[in-house]
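*Asks:* Dumping the structure here so I can ask a few things about it.
The values are calculated or read from the model by the stated rules, or taken from the named source; none is laboratory data. Keep in mind the model is a prediction, meaning the values are calculated, not measured. Here Cβ is always computed from backbone atoms with ideal geometry, including for glycine, and neighbour counts include all displayed protein chains. Each accessible area value is taken on the protein alone, full model and side chains, heavy atoms only, with ligands, DNA and RNA left out. Shrake-Rupley method; radii C 1.70, N 1.55, O 1.52, S 1.80 Å.
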Amino acid sequence: MKAVFKLNRLRSQLVLTFLAGFLGIGLTISAPVLALLNWQANVQARFLLDQTVVASRAFIASEQSDLQNLSLLVSQRPTLTQLLEEDSLPALGTYLTNLQTGAGVDLILVCDEDKIVIGSDTHIDTTDLCSTNKPAGFTSLANTNDPYLYASADVLQSSGSPGRIIVGKSTSTVLEELQEETGLLFFLVHQEEIIIASDPTLQKSIKTEADLQRFSRKPLNSSLAQRSVGINDHQYILTSFVIEEELGLNLISALNIDDQIILQKRLNGSLLLGLFFIILIASGLGIWQAQRISMPIINVAKAASKFRQRDLDTPVSIKSSFQEINQLANTLEDARVALQHAMAQLQIEKAWIEKLLNSIAEGILTLDNQNHITFASAGVSKILKTDIEQIIDRKADDVFITAQGDTPFTSQLPTQGQQRQILVKLNGGQERYLSVSKANFIPPEAVSTHRALVLHDVTNEEHIHRLLGDFMANITHEFRTPLSALEASSELLLDNIKNLSQSEIEELLTSLNMGITNLQALIDNLIEASSIETGRFKVSLQSVSFNEILQNAQELIQPLAQKYGLELGITAVTGQIMVMADHRRTVQVLVNLLSNAIKHSPENGLISIDHYVAGGNLRVEVTDRGSGIPKEQRGNLFQRFSHLEVPIERAKQGAGLGLSVVKAIVDAQQGEVGISEPPEGGATFWFTLPLVEERPV
């Protein structure tokens, strides 16, 4: 590596030498050119500004001459003389307004010999203008910041009293016309304060003449961008000249140099681009020369580096004019072939082992001495429902999160050769029971012991075990309660039958009948659940009368309803309704639904049994007036061993098989079953039965 490093230094020095030489040449050429271009652009800009001053002075002089001619022309109009002699001021005002509009000036006024305005079309104070002795020029008025450019002429009346006509334009109007004529911006400065701009929207863009003069006095060796001032997102260079020394009026002209700046930047960019290409060519020559000298040995070093990166597919094919380098390359090629063969054998063995581990249903993973996961089989991915890449190199305690309050996962691992069930939580919060066994091993060349874990998901087995326990407890209770009642009633009947009245005997016999009915219903549900579970459940469909089904169910359930003081409200069957059903099992469906309604109904409540024809089906509804069934508990309502969380104690009784048997029977008869919530409260369980098609005789 030391030799390679020296060669790299040599190549770098060669490249830097070429770069330094060509860069020096480029700078020697480009620096004077950039300076010359900058100087030329500044000289051209200064020339344009000087021409601007000349043109501006000429334009103002032309405007003043036009005003002078206009004042002479107006002073010689007979109508003006007549109106002055008649002393008709309203008519004079109207006449002056018409003259002003036609001549395109801002004011025309007449002063008498005492310098008093006797006719005016403006609303400004023009007394000072009549008092001036200058025949033409700029003047300031009392109630406006806008100076006026004016010219005057004498008016001779026949009465002999002299008068004076004055014609003027506001400086803002003159500047707007000057901007339209030259395309430049102009600012009128009075005592170092901008008072008028040729574009009124720009008046507040720059504060004082000093700010403008600071940019106009930049040296010529500075660039246009450095000498320019920004006005409304455009760049201007400025110059200032006096237009009225007595009033202290200066005019600043601003020349837009956006195009010149862009052109200057493009020229600079072209020179820099050329310099960049010079550097690029120098780099290419330097790299080519350095590679020509050092490439063979560098290629040998790269080939050796590929071996370290496990790239054994690329052959070592290095040709050089040096025999020693060729011999070294041949030796490396022989070593590559031998290593490639050995690695291929190892990959085959590794793939076989991984396939074997992934084919095992149980999850297998390995942990290092810091409890980081170093390997995980496909079984682990299935248990955790996540990709293997997301758990490799993570701590086992961060992947297998135990229930709150339990010790960490790795602290619950069994000893070697033992098994232990551990409750863990998945990412979604779902709890799983894992049966874990552990084995310790030491990998080759390792200094610490690793552990292999075998994980088996026993959540379903644990769930079934708990369900069976709950089922046995419930079924024992369900059998014990009616049997105890039967035993008590039969003993009382045997011991005291001679002393009992007829009504008491009937009450005891009714109790015995109810107990037998409950046991029969429970046994029927157990038998149906068993046949459903084993796949031997069948129904015998035939044309039966719904009235008979309803009557049989009522006879079976009436004693139980009377026991709890409940009333059965049954809609009478009108006519003969024939359905395609299994008579016995359909009666069982109604008995199960009515029994369920009795459990959830308050005492002295009403249970309604309604039916109506919908399409080709008969829909039967059983409605109670209980507390209803929460929506979150309806999803599992027709599953086995399902119990509702309700406040009524008798509603908690039962084996949890009735509704699952109802669904199985209704589905087998090609009907539907469901639950709805009536507006008055409680719950409505409904199912449908196919009607028997009527065939013509």
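*Asks:* For segment 391-426, which residues satisfy the criterion of being exposed (fewer than 13 other Cβ atoms within 10 Å of the Cβ), of a type in the set (S, T, N, Q) and farther than 21 Å from Glu461 by Cα?
*Replies:* Within segment 391-426, Gln404, Thr407, Ser411, Thr415, Gln416 qualify.
*Asks:* For segment 562-620, which positions are under 17 Å from Ser545 (Cβ atoms), among the small types (Gly, Ala, Ser) and either without any contact (Cβ under 8 Å) to a residue 12 or more places away in the chain or in a helix (DSSP H, G or I) (or both)?
*Replies:* Result: Ala572, Gly575.
*Asks:* I'm told Asp128 meets every condition in (1) surrounded by fewer than 17 Cβ atoms within 10 Å (Cβ to Cβ); (2) outside any helix (DSSP H, G or I); (3) at pLDDT below 80 except one. Can you identify the failing condition by its number?
*Replies:* (2)
*Asks:* For segment 182-197, does any single residue satisfy the condition of being of a type outside the set (Ser, Thr, Tyr), assigned to a loop (DSSP other than H, G, I, E, B) and either touching a His at 6+ places or on another chain (Cβ under 6 Å) or modelled with pLDDT of 80 or more (or both)?
*Replies:* yes
*Asks:* While we're on this one: What do you reckon, is Asn250 surrounded by 18 or more Cβ atoms within 10 Å (Cβ to Cβ), modelled with pLDDT of 80 or more and either farther than 28 Å from Ala61 by Cα or not aromatic (Phe, Trp, Tyr) (or both)?
*Replies:* yes
*Asks:* Scan segment 412-425 and give yes if some residue there is at pLDDT 80 or above and under 18 Å from Ile353 (Cβ atoms), otherwise no.
*Replies:* no
*Asks:* A further question on this structure: Could you list, in sequence order, all residues of segment 345-379 that are at pLDDT 80 or above and either in contact with a Cys (Cβ under 6 Å, 6 or more places away or on another chain) or of a type in the set (Ser, Thr, Tyr) (or both)?
*Replies:* Thr366, Thr374
*Asks:* On the basis of being in contact with a helix residue (DSSP H, G or I) (Cβ under 9 Å, 6 or more places away or on another chain), open to solvent by 30 Å² or more (accessible area, probe 1.4 Å) and at pLDDT 70 or above, does Ile243 make the cut?
*Replies:* yes
*Asks:* Please identify the pairs in which a residue from segment 178-192 that is farther than 14 Å from Val54 by Cβ has its Cβ atom under 6 Å from the Cβ atom of a residue that is hydroxyl-bearing (Ser, Thr, Tyr) and assigned to a helix (DSSP H, G or I), counting only partners at least 6 apart or on another chain.
*Replies:* Final answer for the pair search is Leu188/Thr171.
*Asks:* Could you check how many residues of segment 427-445 are open to solvent by less than 40 Å² (accessible area, probe 1.4 Å) and at pLDDT below 75?
*Replies:* Of the residues in that region, 1 qualify.
*Asks:* May I ask you to list the residues in segment 382-405 that are part of a helix (DSSP H, G or I), within 33 Å of the chain's Cα centre (by Cα) and in contact (Cβ under 8 Å) with a residue 12 or more places away in the chain?
*Replies:* Listed by number, the residues that qualify are Lys382, Ile383, Leu384, Ile388, Val399.
*Asks:* How about segment 257-280: which of its residues are open to solvent by less than 60 Å² (accessible area, probe 1.4 Å) and polar (S, T, N, Q)?
*Replies:* If the condition is that a residue be open to solvent by less than 60 Å² (accessible area, probe 1.4 Å) and polar (S, T, N, Q), then Gln264, Asn268 are the ones that fit.
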